[in-house]
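S.K.: Mind having a look at this structure? Questions to follow.
Taken together, the values in this text are just the output of simple stated rules run on the coordinates, not laboratory data. What you see is a predicted model, and the numbers here were worked out from it, not measured in a lab. FYI the Cβ positions are ideal-geometry reconstructions off the backbone, even for glycines, and counts take in every protein chain you see.
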Amino acid sequence: MEKIETIIVGGGQAGLSTSYHLKQLGREHIVFDAAEKPAHAWRNDRWDSFTFVTPNWTIQLPGAHYAGNDPDGFLPKPEIIAYFEQYVEKFDLPVQFNTTVLEVTRLDDGGYRVTTNEKTYQAINVVIATGSFQKPKIPAYSANIPAEILQLHSGHYRNPSQLPDGAVLVVGSGQSGMQITEELYESGRTVYLCTGTAARVPRRYRGKDIVTWLADTGFFDQTVDKLPSPKARFAGNPQATGKNGGHSISLHQYARDGVKLLGHIAGAQDGKVMFAPDLKENLAKVDKAEKDIIAMIDKYIEANGIDAPQEILPDLQDGYAVEVITELDLKAADINAIIWAMGYTADYSLMKLPITDEDGFPIQQRGVTQYPGLYFVGMNWLHKRKSPILLGVNEDVEHIIADMTR
């Protein structure tokens, strides 16, 4: 086996940040990435018109904080990809593409065996930086959908012209589902949207972008121990978009614009799709989440004596007037495409160690596991709310680097 001090599995923002620090320290390491090029998730799992949802100033990978002339703008997909390509090139990071890690096992005398699609390696340290979400989430009952209906996960959606003529059913009202729904109905499509309870936030409030307020109030610095339960780590991100300079999006506005709102999807059979009768409950939870966030910001402004203009958000009610539908005949509704925007699930099966909890999440303390030399970074709520994003991933990376090099 070829021996390498540290192997990093995954070349996304967490893996590259780890590589940056090890390179600065002159420590031997290599990054294995299954993709052909940098920025795989941004390049291959996002639609054509995708932009960052957080402002450009939140791009804070080590050594390359955003330095452009539009800090409050939202980088479009081509520029996001270019940022990661330039990051690898600028720091000459040792990323080996087209390399899939098949398994990681612990050796009897310490260290790890890392088996890839090409060869086997031995490492003192292994950093798993594959993120929390690797497998598209599509329910088993999708197999009951008639074969002539196109089914896509949101990660495979690109643009409206990709879909057959007719109406579209979008399943999921988190960030991806909301943004795709908006693009589809603005292109002239009839859209049916299965709603969930992902929070809503205004794009801007009291003179600032909502992300700036959330950063200022410490929202992103909330630690995992403050969550009501471990399962809360998997809640969807607030509904938001950065398209066309960023604007507020809302289920109520969508209803006003003609989108057919539905409750949670419950199953499919005989050419029909069934829904829970919980649309109004979902809307109420989404509305309350926004009110709670705004109240938190108002309290912060008052407590700190900040000069910020008063603002009252519109009281949106349109969704409550919608008829509750519990069953839909796909053919009768002219639905010829379904987009599953239900997110992803984690898959750490490459680890041949008892390393995950009952929810499939890595057992660790801020990325440090019970096994010497084995680390995780870039996962959702690894330590803080901001752990997986460009704004916060480096804090956890610095923590594991300190443990690794002490």
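S.K.: Could you grab the relative contact order for region 83-168? Cα pairs under 8 Å, six or more apart, rounded to a whole percent.
M.R.: 14 percent
S.K.: Quick one: dipole size for region 158-307, taken about the Cα centre, charges +1 on Lys/Arg Cβ and -1 on Asp/Glu Cβ, in debye to the nearest 20.
M.R.: 160 debye
S.K.: Round to the nearest 10 and give me the degree value, 0 to 90, for the angle of helix 13-24's Cα axis relative to the longest principal axis of the chain.
M.R.: 30 degrees
S.K.: Tell me the Rg and the Dmax, in Å, that the Cα atoms of region 215-320 produce.
M.R.: 17.5, 60
S.K.: Using the alpha-carbon atoms, what tilt in degrees (0 to 90, nearest 10) does helix 175-186 show relative to the longest principal axis of the chain?
M.R.: 40 degrees
S.K.: Before rounding to the nearest 500, sum -39500 (n - 2.57) across all DSSP H runs of length at least 4 in the chain and divide by the residue total; then give [θ] at 222 nm in deg cm²/dmol.
M.R.: So the calculated ellipticity at 222 nm is -7000 deg cm²/dmol.
S.K.: Pull up the cross-link candidates among the lysines for Lys272, meaning alpha carbon to alpha carbon under 20 Å and not fewer than 8 places away within one chain.
M.R.: Correct list for Lys272: Lys260, Lys331.
S.K.: Shifting gears a bit: Considering every pair of different Cα atoms, what Kirkwood radius, in Å, is found for region 113-182?
M.R.: Result for region 113-182 stands at 15.9 Å.
S.K.: Would you grab the residues whose amide H sits under 5 Å from the one on Thr116? Only those 5+ places off in sequence or on another chain, please, with H modelled 1.01 Å from N.
M.R.: Leu102, Tyr121
S.K.: Using θ = phi - 60° and the Karplus curve 6.51 cos²θ - 1.76 cosθ + 1.60, what whole-Hz ³J(HN,Hα) does each residue of region 165-173 get, with Gly and Pro shown as x?
M.R.: Coupling constants for region 165-173: 4, x, 7, 10, 9, 9, 10, x, 10 Hz.
S.K.: Okay, next question. Calculated from the structure, Rg/Rh (Cα atoms, Kirkwood Rh) equals which of (i) 1.14; (ii) 0.98; (iii) 1.01?
M.R.: The value computed from this structure is option (ii).
S.K.: Right, next: Let me know the shape class of region 269-406, please: from the alpha-carbon gyration tensor, a ≥ b ≥ c as square roots of the eigenvalues, rounded when a/c is under 1.5, otherwise prolate if a/b is greater than b/c, or oblate.
M.R.: oblate
S.K.: In terms of the Cα gyration tensor, with a ≥ b ≥ c the square roots of its eigenvalues, is region 45-133 rounded because a/c is under 1.5, prolate because a/b exceeds b/c, or oblate? Could the numbers behind the result be given before it?
M.R.: On the way: a/c = 2.71, a/b = 2.31, b/c = 1.17.
Prolate shape, in that a/c is at least 1.5 and a/b is the bigger ratio.
S.K.: Rounding to the nearest 10 and keeping the result within 0 to 90°, find how far the Cα-based axis of helix 77-90 lies from the longest principal axis of the chain.
M.R.: 10 degrees
S.K.: Right, next: Can you work out ³J(HN,Hα) from phi for every residue in region 64-76, in order, using Karplus 6.51 cos²θ - 1.76 cosθ + 1.60 and θ = phi - 60°, giving whole Hz and x for Gly and Pro?
M.R.: For region 64-76, the Karplus curve yields 8, 5, 4, 10, x, 9, 9, x, 9, x, 9, 4, x Hz.
S.K.: With the Cα gyration tensor of region 1-159 in hand, give its eigenvalues times 5 under a square root as the equivalent ellipsoid semi-axes, listed largest first in whole angstrom.
M.R.: For region 1-159, the semi-axes come out at 30, 25, 11 Å.
S.K.: Compute log10 of I(q)/I(0) for region 277-352 with the Debye formula, placing one identical point scatterer on every Cα and leaving out solvent, at q = 0.19, 0.24, 0.27 Å⁻¹, to two decimals.
M.R.: With one equal scatterer per Cα and no solvent, log10 I(q)/I(0) is -0.98, -1.19, -1.26.
S.K.: Rounded if a/c is under 1.5, else prolate if a/b beats b/c, else oblate: with a ≥ b ≥ c from the C-alpha gyration tensor eigenvalues square-rooted, which is region 154-281?
M.R.: Since a/c reaches 1.5 but b/c is at least a/b, the shape of region 154-281 is classed as oblate.
S.K.: Related question: With an 8 Å cut-off on Cα pairs and a minimum separation of 6 or more residues, tell me the relative contact order of region 180-284 in percent. Provide the component values of the computation, followed by the final result.
M.R.: Details: 114 pairs, mean separation 35.6, N = 105.
Across region 180-284, relative contact order equals 34 percent.
S.K.: Let me ask something additional. What percent do you get for the relative contact order of region 259-406 when only Cα pairs under 8 Å and 6+ apart count?
M.R.: Normalised by residue count, the contact order of region 259-406 is 16 percent.
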